[in-house]
Amino acid sequence: MNSLFRTFSVAASALLLMGTMARAQSSDPINPPPTRKDWLALSKLPDWSGVWTPDMIDQMKQVKTNVPPWTPAVAKQIEFLEAEEKAGRPFLVFKGCLPESMPAWMLISHNAMEIMFTPGRVTMLGESDGNRLRRIYTDGRKHPDDPDLTFHGHSIGHWEGDTLVIDTVGIMPETFLAVSEAVGIPNNGDVHIVERIHLAGPGTLHDDLEITAPHVLTKPWKTTRIFYRQRKQKYDIVEGVCLEGSFKHTTDKNGNAILEPLAYDSQGTPVPNSAK
Amino acid sequence: MNRFVTFLAAISLPVLFTQAALAHHSFAMFDLTKTVTIEGTVKEFAWTNPHVILWVVAAPKDGQPEQVWSLESTSPGNLKRIGWTKRTFNPGDRVRVDFSPLRSGETGGAFKHALLIDTGKEVEALAAATASGKPDIE
């Protein structure tokens, strides 16, 4: 009798467990393996191969010609930062080699990037911040209800003809909405970015951004950022670990090659001590 | 004059890359209206991200004690595209260097140009227009 009861209990527990697993799976979507059709579909997308370098001259021009609609309180802070920069006391927007983040990467980066298409994904790979990247999901998923807040946010995208439309939320409030490396303001949360990226010529890519940042802007801010295609191999992306500059290449007492941390100044810039 | 110097000379926009491209700290720390020239010996050439740094031991003026100067440029990735390599400068090289000095008065600046005295080779900073001006898809 005891044995029969035990058998029944084990069977009932197993059924219960299987039921639980089935429920968990239904709310736990997988990334299906890409099919041949998925790979073939990529060949219909526009050619964004090569390395893309930002138009820095245009970035600098837009600091004056396309000023974000700052709230009055933020405008005063921006004015102060501009005066500080002019006086030779620039504020350090990217303290401690933290990522430029979104949207600042697209707005003011001085570094190259490449863009890769794979089934369900567009991936942007940048040369700096060792090495920064954006994952843009094009598999039809939605944003998470309560996304973790990150430097680059959560991005979903879809194609409208040859234009990639990207929607980004979930950006960390402490990251800077920056117009230059010395002038920017923490976005303070609830940022929403819509980008429309498309070729404007065989070697020119435009990113049309509409940035909503309700705590620092009075209305959505529109700007187009320009990137140029480079095909020469000298432009191939190289490793760019920003934090490398925060260490000194040296040897320890046993003769091992080591990276020794440098001291930081009050602005968060490493103080190169190899001169000492 | 080597090929890339000729190329840079052809760039009409006088904006130096160093004015804006020292990632993660602003160009405003350097006084770009001034050019300082020193002549000395390379102590170390740090081919590192985010900034390449050339360390030069030089006396600011004749008779003054030697000091170590740190002269920054942009990243290895950006510089390799105009012909720099990790061996562009080597410890012991005698150099004459032009740079925009730090406003703080410390011994450092934004690299503009160098002459390698023993070989006559000239090395230029990257101009923003060169770095970003147009596609190169030939």
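Return a whole-number percent for the relative contact order of the stretch A:188-237, with Cα pairs under 8 Å and 6 or more residues apart as the contact set.
33
Length, then width, then depth: along the principal axes, the Cα atoms of chain A run 90, 60, 46 Å. Applied to the stretch B:78-88, the Karplus parametrisation 6.51 cos²θ - 1.76 cosθ + 1.60 on θ = phi - 60° returns per-residue 3J(HN,Hα) values of 5, 6, 5, 6, 10, x, 6, 9, 5, 10, 4 Hz, with x for Gly and Pro. Close amide H partners of A:Thr71, meaning residues 5 or more places away or on another chain with modelled amide H under 5 Å apart, are A:Leu217, A:Thr218. Counting every other Cβ atom within 10 Å of each residue's Cβ, A:Arg231, B:Arg87, B:Arg96 order from fewest to most as B:Arg87, A:Arg231, B:Arg96. Annotation: lysines with alpha-carbon distance below 30 angstrom to A:Lys76 (same-chain offsets under eight excluded): A:Lys61, A:Lys64, A:Lys86, A:Lys95, A:Lys219, A:Lys222. Neighbouring Cβ atoms from other chains, within 10 Å of the Cβ of residues in B:96-107, number 1 on average. Working note: Karplus 6.51/-1.76/1.60 with θ = phi - 60° gives the stretch A:141-153 the couplings 5, 9, 5, x, 4, 9, x, 5, 7, 9, 5, 10, x Hz, where Gly and Pro are set to x. Evaluating 6.51 cos²θ - 1.76 cosθ + 1.60 at θ = phi - 60° for every residue in the stretch B:107-115, the Karplus couplings come out as 7, x, x, 9, 4, 10, 6, 9, 10 Hz, glycine and proline recorded as x. Using a Cα-Cα cut-off of under 20 Å, which aspartates and glutamates could be cross-linked to A:Lys37, ignoring same-chain neighbours fewer than 8 residues away? Qualifying aspartates and glutamates at Cα under 20 Å: A:Asp47, A:Asp139, A:Glu160, A:Asp162. All other residues whose Cβ lies under 9 angstrom from that of B:Phe45 are scored, Lys and Arg at +1 and Asp and Glu at -1, for a net of +1.
Projected onto their three principal axes, the Cα atoms of the stretch A:37-135 cover extents of 57, 28, 24 Å, largest first.
Counting every other Cβ atom within 10 Å of each residue's Cβ, B:Ser100, A:Ser27 order from fewest to most as A:Ser27, B:Ser100. For chain A, relative contact order (Cα pairs under 8 Å, six or more residues apart, normalised by length) works out to 18 percent. Would you kindly give the portion of the calculated P(r) for the stretch A:128-276 that falls above 24 Å, as a percent of all Cα pairs? Tail of P(r) above 24 Å: 52 percent of Cα pairs. For B:Gln67, the residues whose modelled amide H falls within less than 5 Å of its own, excluding neighbours fewer than 5 places apart on the same chain, are B:Ala58, B:Ala59. Among residues other than A:Asp162 with Cβ under 11 Å from its Cβ, the summed charge is 0 (Lys and Arg +1, Asp and Glu -1). Taking a straight Cα-Cα cut-off under 20 Å and skipping sequence neighbours fewer than 8 places away in the same chain, the lysines within cross-link reach of A:Lys232 are B:Lys80, B:Lys86, B:Lys134.
When only alpha carbons are used to place a centre, the stretch A:69-129 and the stretch B:54-80 end up 28 Å from one another. Residues whose amide H falls under 5 Å from that of B:Asp136, counting only those 5 or more places apart or on a different chain, are A:Arg229, A:Gln230, A:Arg231, with hydrogens built in the peptide plane.
Pick out, in residue order, every one of the GluC sites (Glu not before Pro) in the stretch A:43-152 that is DSSP loop and has at most 14 other C-beta atoms within 10 Å; say none if there are none. Counting only loop positions with at most 14 other Cβ atoms within 10 Å, none of the GluC sites (Glu not before Pro) in the stretch A:43-152 qualifies. Helix-only arithmetic for chain A: the sum of -39500 (n - 2.57) across DSSP H runs with n ≥ 4, divided by the residue total, places the mean residue ellipticity at 222 nm at -7000 deg cm²/dmol.
Read-outs throughout are calculated quantities, based only on the coordinates presented, and are distinct from any laboratory measurement. Only a predicted model underlies this, so the values are computations on that prediction, with no experimental measurement involved. Note that we place each Cβ from the backbone using ideal geometry, even for glycine, and neighbour counts take in every protein chain shown.
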